[in-house]
1. Quickly run through the stretch 504-515 and pick out the residues that are over 13 Å from Glu489 (Cα atoms) and assigned to a helix (DSSP H, G or I).
2. Here are Ser8, Ser23: which of them is buried (at least 18 other Cβ atoms within 10 Å of the Cβ) and at pLDDT below 85?
3. Only one of Gly427, Gly421, Gly402 is out of contact with any Ser or Thr (no Cβ under 7 Å at 6 or more places or on another chain), under 30 Å from Ser509 (Cα atoms) and of a type outside the set (D, E, K, R); which?
4. Here's a check for you: in the stretch 476-521, which residue that is within 11 Å of Val456 (Cα to Cα) and among the aromatic types (Phe, Trp, Tyr) is modelled with the lowest pLDDT?
5. Hey, does the stretch 383-393 have a residue that's of a type in the set (A, V, I, L, M, F, W, C) and under 37 Å from the mean Cα position of the chain (by Cα)?
6. Would a scan of the stretch 155-162 turn up a residue that is modelled with pLDDT under 70, crowded, with 17+ Cβ neighbours inside 10 Å and within 30 Å of Gly110 (Cβ to Cβ)?
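The values are calculated or read from the model by the stated rules, or taken from the named source; none is laboratory data. Here the structure is a predicted model, which is why all the values come from computation and not from measurement. Cβ atoms come from the backbone with ideal geometry, glycine included; neighbour counts cover every protein chain shown.
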Amino acid sequence: MARFQPKSLNDNQKIGLKSTFNSLFFIPRFFKEIWKTNKKLFFASAFCRLIAALLPVIILWIGKIIIDEIIRITTNSETDYSELWKYVVIEFILIVLSDLVSRAISLTDGILGDQYNIQTSIQIIKKTNEIDISLLENSEFYDKLERARTQTMGRVDLMSNVLGQAQTTISIITLIAGLIYFEPYLIILLILSIIPSFINEVRFSQQQYSLARSWTTERRELDYLRFIGANDKTAKEIKLFGLTDFVVERFQVLANRYFNLNKKLVIKRSSYGFLFNVLGSISYYAAYVFIIYRVLSGVITLGELTFLSGSFNRLMKSLQDFFSKFTRISESALYLKDYFDFIDISSEPKHSEDIPLPKTIQKGFEFKNVYFAYPESEHQILKDISFTINAGEKIAFVGQNGAGKTTLTKLLLRFYEPTSGEILLDGVNINRYNKSDYQAFFGVLFQDFFRYEFTVKENIAIGKIDEIQNIERIEKAAKLSLADEVVSELVLGYEQQLGKRFVKGQELSGGQWQKIALARAYMKNAEVMILDEPTSALDAKAESEVFERFIHLIENKTSVIISHRFSTVRQADRILVLENGKILEAGTHEELMKNNKLYAELFTLQAEGYQ
C-alpha cells in the first residue's frame, strides 16, 4: 500500500474512460466486504434476484399461451375453458410472486445496505485514528477523507445497482433467447437503439464525477459557510459584526459557480439523452411494424406477436436499464475507488523494533539536535533543539506565540516526526517503542481541547474510557479539577447532556468546559502529564486552586507545562524559554530573573499588569 503523497490538483482535471473502467476492478473487493457484513442476507438477496430475473420471460410466455388458447377456442368453437383458466391462474400466481420477490429484494437490500453503511463508517473512523496527524492537517488529504466519508449512501446504492445489474443480465439473456428463437433479425434493431445512448451516458457520468471531484474543496467551503451562517456558536459574532451579508454573498458566489457548471452539464446530458431515446423509439416501432407484417403474412401467430412485442419492449427497457445502471455503477465505482484509496493508505511508519516501554521512567526524555518543519513547508519551526526532561521533573515551556512550545509537545507525543535529530526515552529513540503503548504513557490537556457533546460523566471518563462505569474515580477527578462545582449546578448532575446539539443539552461557559477537560487529565493519572495552557479560561482564584491541586497530582511525576501565566510557570522545577524555534535560556524562576533576558522581561510586564 502506497503512502499518500499530497500533490497539486488541477480544478479542470478530467477523468478518462480508462480510469472509469479501471475503477470497476474495485467491485469484487467491494462485494467481498458486503458478503462479510451479512452472508445470509446477501445470499437471500441474490436468490430473490435470480427468481425476479426469470419471471418476466415466463410471464410473457404464459401470456402468449393464453392468447393462442383464446384464438384456438374461438376458432374451433370449443366450450372447454379449463386449460385457459389454468394458465390465467398460473399467470396470476406469477404476478403475485413477482411483487413478493420485488419487495423481498427491497427489504434485503435495505437491511444489508444499512449494515454495510455502519461497517464502512466504523472503518473510516478507525483508519482516521491510525494515520499520521500531519496528513489530517493537509488540505488535499482532507479532501480525500471527505470524499470517502460523504459517499456512504453512494456505496449502498452501488450495491443495489450491481446486484440489480446481475438480475437484469439474466433477464436480458432469457429475453434474447426468446427473440432469437422466433425472429433473430430483431437483435440488430435492438443494438442500434441502445449503443448510442450507452456511449452518451458513460461520457457524461465521467464529466459529472470530474466536476464533483475537482470541487471537493469548494463544497467543503460551502458546508463551512452554511455552518457559520446558521449556528448557535457563531450567531453572536455574526449578528454583532453584521456578517450575514458577507457570508451570504460569499456562499452565493461560490454556490452559483458550481450551480452553473452543473446546470450546463445536466442540460447537455438531458438534451443528448432525449435525442438518443427518440432513436430508440424509432427502432422499437420499426421492430413492431416488422412483427405485425410477419403476423399478417401468417409466419407467426397472434400469441407469438404478443410475446415478441412484449419481449422486444421489455428487452429494450432492460438494456436501457442495463446501460444506465452500468454508467451509474462506473460513476459510483469512481467514488468507491476514493474509499478504498483512503482505506489503503498505509498507517504511520512502522519501525523494525518494538521495544517494551519501561514500567516507570528511569532517566527521562532527551531532545538531541531536533529540527522540525511542517510537511510541504521549508520554514523550520524548531532549530537545533537539545535539552532533557529528567524523570519526575516538572518542566515548563515559555515563549511568545509561534516560538514552538506546542510543537515540542506534539513531537514528544509522536504526532509528528522530527525533520532531523532524535528524541530519546531512557536512552532509546521513542520511534522504537510501540506507538499506541507509548502514547498511552501520557495524560494531556490541550489549549484547544475538544468539547464533546456527551454527558458530564462521559466527558470526564474520556480521560480513561475503560473506567466509564467507575463513578467514584470520575467524581474524584471532578473534585480535583473543580468540575464538581460545575456538576452541582446541573439538574441531572453527571448524567447531564452537554452542548446544544441534542435534546435537553446544556451549554457551559469556557471556564466550566475547561474544568471538565482538566478532569480528564486527573482521570487518567498518567505516567507523564502535559498541560498546554490548562487554565487559560479560569479566573485567578480558580486557577490558583486548580494548580495547587495539580502540583499535588504530579508530585514525583514527569510533567510538561505550557502557560502564559507566570504564577503557574514559576512552580516548575525548570523553565525553558523559546524564541524563534530555539532555546534562548533555561533554569529555575530565580535563575532566569537574574539573567535579566526575555523571561525576566515578560515576567515583569505581566506583573506590572496586575499592579
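1. Within the stretch 504-515, Gly510, Gly511, Trp513, Gln514, Lys515 qualify.
2. One residue alone meets the criteria, Ser23.
3. Gly402
4. Once the filter is applied, the top-ranked residue is Trp513.
5. no
6. Start the filter on the stretch 155-162 by keeping residues that are modelled with pLDDT under 70, which leaves 155-156.
After this cut, where a residue has to be crowded, with 17+ Cβ neighbours inside 10 Å as well, the list is 155-156.
From the residues that got through so far, the ones that are within 30 Å of Gly110 (Cβ to Cβ) too are 155-156.
Yes, the conditions are met somewhere in the stretch 155-162.
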